[in-house]
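The values are calculated or read from the model by the stated rules, or taken from the named source; none is laboratory data. Everything numeric in this text was worked out from a predicted model, so none of it was measured. Don't worry about glycine lacking a Cβ; one is built from the backbone with ideal geometry, like all the others, and counts go over all protein chains shown.
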Amino acid sequence: MPKSDFQTQAARRTARALLAWYQRHARDLPWRHTSDPYAIWVAEVMLQQTQVATVVSYWRRWMSELPDVASLAAAPMDRILRLWEGLGYYRRARHLHEAAAHILAHHRGRFPKQFEDILALPGVGRYTAGAISSIAFDQPSPVLDGNVIRVLARFCGIAGDPRRSATNQTLWGISAALVSAAHAMGEHCGALNQSLMELGATTCTARNAACSLCPVRRACVARRENRVESLPALPKRARPTQVREVAFVLQRQGRVLMRRRPKAGINAGLWEFPTSPLPHGATATAAARAQFGAQAHITPLMVVRHSITTRRISLIGVRVEAPRGLSAAPLLRGGRWCGPEVLAALPLARAHRRLAQGLSATRS
Ligand code: SF4
């Protein structure tokens, strides 16, 4: 179904079916009980790249500790990163902080209502601005994320790569037609947009589309033409690469040495145990000896396996009793000796938090 064929009547029929389905099948999520744009914004940012089931507890904790724009703007970055710890893609947390400062400076602390003003906030793209303006302010702004792309590409039988401009514009156009149809019928724009997100998350899923339960199945092109598996036509993912790293858990009088990561790049600004790449065939113990000398007392701690984008990382933790002259080692410059309480309060990359937990388990 090309865009030009997706006319008003079809859009209205589809919007009606989606809204009726959403009313009965929407999951009960905490941010769906509020129209506070701040709360919706935080939820939408957390939901980028992260599953709903994970986000719920993070969102609750965030809202109880930083309930509004003013408290977020005033919070130190380490506290914000600690609240975000484990969600990954930490740039999102930095953008929230920057955007809160922007709202204080340019909107007197009140969350902006105009779509263009929402879009101007740091870290807010067209999808997030559309979600906030439709859900919090009932404005007919469309949304298009991975879930919505999947639903619309299948429903309308759009075969092009959705990342390419022409196909992407077509999909935005269909999303806009649906939310405009809901608006014209006096329905809530946020409910329409959330029905698309919800359908993609729970029914029209990537692996197992449950077409028999879908409210728009009768008009769905992919279902009729048996193309559900092949749509949307996403490019193949890059192959993962295997990486090994060694983390040195240096101990001295009940404290451990931590370093802060650089301000830019992966896990920017988080704290971690001093870490270095482990060449193929090398052992973590040999790497520790090369760093700290043959006399250093070294014991294996644990291996943490995790992924960052396409890298599958084995992080091998070794405990090292801190030898003399240690602070001169280049790997450790800028480090900070931390007792258990300080360590618990610092924001750590998730793999390093697991090493810290493994360490405290061996102590108790
Ligand atoms: S009928 Fe199937 S493929 Fe089509 S939109 Fe519904 S769940 Fe997706």
Review point. Given the structure, is S195 at pLDDT 95 or above, surrounded by fewer than 12 Cβ atoms within 10 Å (Cβ to Cβ) and either more than 9 Å from the ligand (Cβ to nearest atom) or assigned by TED's automatic domain parsing to the domain that holds G160 (or both)?
Key: no
Checked the stretch 151-171 for anything basic (K, R) and more than 9 Å from the ligand (Cβ to nearest atom); matches are R163, R164
When you scan the stretch 135-148, do you find a residue that is modelled with pLDDT under 95, assigned to a loop (DSSP other than H, G, I, E, B) and more than 16 Å from the ligand (Cβ to nearest atom), even just one? no
Residue hits (the stretch 235-258; at pLDDT 95 or above and of a type in the set (K, R)) are R244
Counting only residues that are more than 11 Å from A247 (Cβ to Cβ) and of a type outside the set (S, T, N, Q), the stretch 289-316 contains a total of 14
Residue hits (the stretch 114-134; of a type in the set (S, T, N, Q) and not in a loop (DSSP other than H, G, I, E, B)) are T128, S133, S134
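Listed here are the residues, each with its yes/no results for (1) surrounded by 20 or more Cβ atoms within 10 Å (Cβ to Cβ); (2) in contact with a helix residue (DSSP H, G or I) (Cβ under 6 Å, 6 or more places away or on another chain); (3) over 23 Å from S134 (Cβ atoms); (4) small (G, A, S).
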site: G173; (1), (2), (3), (4): no, yes, no, yes
site: C189; (1), (2), (3), (4): yes, yes, no, no
site: R224; (1), (2), (3), (4): no, no, yes, no
site: R237; (1), (2), (3), (4): no, no, yes, no
The helices (runs of 4 or more DSSP H) lying entirely within the stretch 66-113 that contain at least 2 residues which are over 22 Å from V342 (Cβ atoms) and modelled with pLDDT of 95 or more are 69-74, 91-107
Among T285, T241, T275, T203, the single one that is away from the ligand (no atom under 16 Å from the Cβ) and over 27 Å from R91 (Cα atoms) is T285
Of S212, S195, S276, S230, the only residue that is among the hydroxyl-bearing types (S, T, Y) and closer than 20 Å to A349 by Cα is S276
